[in-house]
1. Give the percent of DSSP beta bridges with both residues in the range 139-272 that are antiparallel, rounded to the nearest 5.
2. Which GluC sites (Glu not before Pro) in the range 80-129 pass both tests, a DSSP loop state and at most 13 other beta-carbon atoms within 10 Å?
3. Report Rg (one decimal) and Dmax (nearest whole number) for the range 35-100, counting Cα atoms only, units Å.
4. Can you give me the relative contact order of the chain as a percent, contacts being Cα pairs under 8 Å and 6 or more apart?
5. Going by a ≥ b ≥ c, the root eigenvalues of the Cα gyration tensor, does the range 96-201 fall in the rounded group (a/c under 1.5), the prolate group (a/b larger than b/c) or the oblate group?
6. Can you give the longest stretch of the chain with no exposed loop site, where a site means trypsin sites (Lys or Arg not before Pro) in a DSSP loop (not H, G, I, E or B) with at most 15 other C-beta atoms within 10 Å?
7. What share of the DSSP beta bridges in the chain is antiparallel, in percent to the nearest 5?
8. Using the Cβ atoms and a cut-off under 11 Å, what net charge is assigned to the surroundings of T31, where Lys and Arg are +1 and Asp and Glu are -1?
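Rule-based calculations on the coordinates, nothing more; no lab input. Only a predicted model underlies this, so the values are computations on that prediction, with no experimental measurement involved. We place every Cβ from the backbone using ideal geometry, glycine too, and count neighbours over all the protein chains shown.
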Amino acid sequence: MTEIIDGNAVASEIRDEISDCVETLQAGGVTPGLATVLMSDDPASETYVSMKQQDCEEVGINGIHVEIEPDAPSEELFETIDRLNDDPEVHGILVQLPVPDHVDKREVIRAIDPAKDVDGFHPENVGRLVAGDARFKPCTPHGVQKLLEAYEIETEGADAVVVGRSDIVGKPIANLLIQKAPQGNATTTVCHSRTDDLAAKTSTADIVIAAAGVPELVDGSMLKEDATVIDVGVNRVDADTEKGYELVGDVDYESAESVAGAITPVPGGVGPMTRAMLLYNTVAAASEQHDIEIELP
Ligand code: NAD
């Protein structure tokens, strides 16, 4: 029987534990604060930010939201980041990406105080992750790691294939999998858009993590019997629904499910974990900044 990896259930447990962390911080006189900054009128970005704010409210994190007109000069964004860096009530800062073309994304990431960089994208935090001394693990890779842990998927000695090499998903997932650490020690192959024969790589893997942004790229014929399949992809495809689209992953669920030993659905797999791990990083940031010990999940 294929095990369906329930991201909603695991995320819900993690959120409960984060609520306890918030209580501990509050007992020490600190309410953790997360600032979200949106410089976009893209409806998907607006939705993501409002979900993050709602998540904060549910666990007792103080959510602060700043909106900047997409055509405003980039200085306005940098001044906002400086102000939030200096604000003692803000422990985490998240600038929703993508930013408009006239704003240099790398400069934005570098402008955030690394101690408040709850996305984990600042070069200092990327360096620490690669060196095996992570301060903040990026939310999606961390969420994937927590799912593997929750379902006791053995990574040690396993052959893992990561499909995708982005800075926010593919590369950090691969980095975590090769660490000499729990939920690491996997022999890891990273595939990407120039990979010659993707199926040849995925079909021998014990663990396949799909993060390519290509609807249903990985199907059952490309998988080894009983492989664990983690689908990070979230793609809108045209469909005869009220909204005119539906969300599908990077894995063809139907064919993959019949071969896999364990698989994440879309939605309800990695997505809720990404959201939970942002809350995790925010309480971790508050704990570090105020030197209050908390028991992170
Ligand atoms: P990206 O576009 O930055 O990177 C995609 C990567 O996939 C690239 O490295 C590219 O080389 C590789 N790729 C593209 N086509 C390929 C192919 N045919 N074969 C092999 N590799 C190929 O995307 P991203 O930001 O890493 O996101 C990947 C997917 O994950 C998207 O669908 C995104 O929406 C989703 N995502 C989901 C969550 C979540 O919480 N569930 C979070 C972040 C991203």
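1. 20 percent
2. Loop-located and lightly packed - E89.
3. Spelled out, the Cα radius of gyration and Dmax of the range 35-100 are 11.8, 35 Å.
4. RCO, the chain: 23 percent.
5. oblate
6. Formally, the longest exposed-site-free interval is 1-179.
7. If I count the DSSP bridges inside the chain, around 10 percent turn out antiparallel.
8. Charge balance in the 11 Å sphere: -2.
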